[in-house]
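The values are calculated or read from the model by the stated rules, or taken from the named source; none is laboratory data. The model shown is predicted, which means the values in this text are computed figures rather than measured ones. Here the Cβ is made from the backbone with ideal geometry for all residues, glycine too, and neighbour counts use every protein chain on show.
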Amino acid sequence: MMKALEKSRPEVGLWQVTAPVPEIGPDDVLIRVRKTGICGTDIHIWNWDDWAARTVPVPLITGHEFAGEIVELGRNVTGLAVGQRCSGEGHLIGRDSRQSRAGKFHLDPATRGIGVNEQGAFAEYLRLPSFNVVPLPDAIDDEIGAILDPLGNAVHTALSFDLVGEDVLITGAGPIGIMAAAVARHVGARHVVITDVNPTRLELAAKVADVVPVNVAQEDLGDVKARLKMREGFDVGLEMSGNQQALDQMVENLVMGGRIALLGIPPGKSPVDWSRIVFKAITIKGVYGREIFETWYKMIAMLENGLNIRPVITHRLPADDFAQGFEIMRSGSSGKVVLDWS
Ligand SMILES: NC(=O)c1ccc[n+]([C@@H]2O[C@H](COP(=O)([O-])OP(=O)(O)OC[C@H]3O[C@@H](n4cnc5c(N)ncnc54)[C@H](O)[C@@H]3O)[C@@H](O)[C@H]2O)c1
């Protein structure tokens with residue numbers, strides 16, 4: 001038996017339970033989980049909002065950001081070994097769709113998420129298809145391994161467009177926006193401006209990366225552009241707030257022919273002034289998850305090559321103190337909260 005965090009009832013909260021250690025199939029591995037990150041998605045599940053109630057089966061062990069060590073191999077598994085430290089892709093894909101058969105695994109329409117649709121990683125043990133395992137090099141410790149999933153969202157979004165020498169606007173200084181800012185600097189953007197309406201988040205952004213933090217409740221982006229001597233506007237926008245006003249400001253402050261990658265998820269339908277997008281000839285790309293496994297390859301290479309996102313982890317707690325961790329995340333002012341299962 002093992003300790004796990006479960007959505008046991010269709011109401012607010014998560015509960016610590018004792019559950020059977022998962023049995024693995026011939027193509028799976030069993031992972032002893034060491035560290036997990038709490039994601040915004042886990043907060044939706046905790047809060048049991050409309051999306052969670054529509055999406056998450058009950059009971060379910062939640063959690064999808066993890067690092068650990070392989071302790072058992074299914075009989076068909078090759079190329080991995082017991083004792084291997086790893087993280088892993090939490091999107092479980094089908095292999096039959098056109099996109100999947102073309103090798104574009106992240107676009108498979110049958111994708112299911114661990115901790116959302118399938119048993120998750122907030123547990124001492126996790127069953128994962130061996131295909132999804134990402135081995136960790138020694139340079140990446142367990143707490144960084146536990147936040148590769150959201151770093152992967154940041155990397156996938158940031159690398160959607162060429163950022164070398166470009167002026168980049170990131171709206172939303174949540175953990176993912178802040179990590180995207182660090183990535184944009186790492187790959188050679190010129191100015192990286194990050195906006196939020198929460199001063200604590202902007203302070204954290206400035207600690208993690210060499211960025212220009214802007215509180216859009218107090219400062220106008222037009223003034224910021226003038227201060228940075230930008231002639232026309234930002235070349236690339238990374239939308240990471242899900243906020244309608246932030247997207248409007250982004251469109252307003254982009255150059256003609258600018259490019260936008262959208263990661264932030266608006267709470268429902270939101271109005272968009274499409275004519276402005278058309279007349280500015282803006283390219284928009286929606287971003288979901290991580291490219292499997294190109295994003296993983298790139299982010300591990302960047303971490304080995306000096307990308308430092310550790311300061312985005314603001315809280316480290318034993319897994320038994322999960323309720324405190326969720327409370328901190330629900331405050332909306334923390335960086336990443338990492339739970340220790342070892
Ligand atoms: N597409 C995907 O695959 C995927 C995966 C993970 C997360 N997400 C989404 O990406 C976004 C970022 O994730 P996160 O965990 O960093 O979220 P978060 O909620 O912690 O951060 C969002 C930030 O946006 C800020 N914000 C609110 N209004 C703003 C405004 N007008 N201008 C600028 N900033 C504003 C908030 O204060 C907050 O700090 C969220 O919308 C999340 O749902 C998408």
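Brief remarks on what is shown
- Test: Leu204 is in contact (Cβ under 8 Å) with a residue 40 or more places away in the chain, over 18 Å from Ile313 (Cβ atoms), surrounded by 19 or more Cβ atoms within 10 Å (Cβ to Cβ) and within 11 Å of the ligand (Cβ to nearest atom): no
- Residue that is nearest to the ligand (Cβ to nearest atom), among those in region 251-307 that are surrounded by fewer than 20 Cβ atoms within 10 Å (Cβ to Cβ) and of a type in the set (Ser, Thr, Tyr): Tyr288
- Here is the figure for region 85-110: residues that are crowded, with 20+ Cβ neighbours inside 10 Å and in a loop (DSSP other than H, G, I, E, B) total 4.
- For region 191-228, a residue qualifies if it is assigned to a strand (DSSP E or B), of a type in the set (A, V, I, L, M, F, W, C) and under 19 Å from the mean Cα position of the chain (by Cα), and exactly one does: Ile194.
- Selection within region 130-154: residues that are of a type in the set (Gly, Ala, Ser) and over 12 Å from the mean Cα position of the chain (by Cα). The member of this set that is farthest from Gly177 (Cα to Cα) is Ser130.
- Residue within region 52-67 that is surrounded by fewer than 20 Cβ atoms within 10 Å (Cβ to Cβ), part of a helix (DSSP H, G or I) and over 20 Å from the mean Cα position of the chain (by Cα) present: yes
- Filter result (within 13 Å of Gly63 (Cα to Cα) and not in a loop (DSSP other than H, G, I, E, B)) within region 7-33: Lys7, Trp15, Gln16, Val33
- Residue in region 71-84 that is part of a strand (DSSP E or B), in contact with a Cys (Cβ under 9 Å, 6 or more places away or on another chain) and outside the structural domain of Val193 (by TED's automatic domain parsing) present: no
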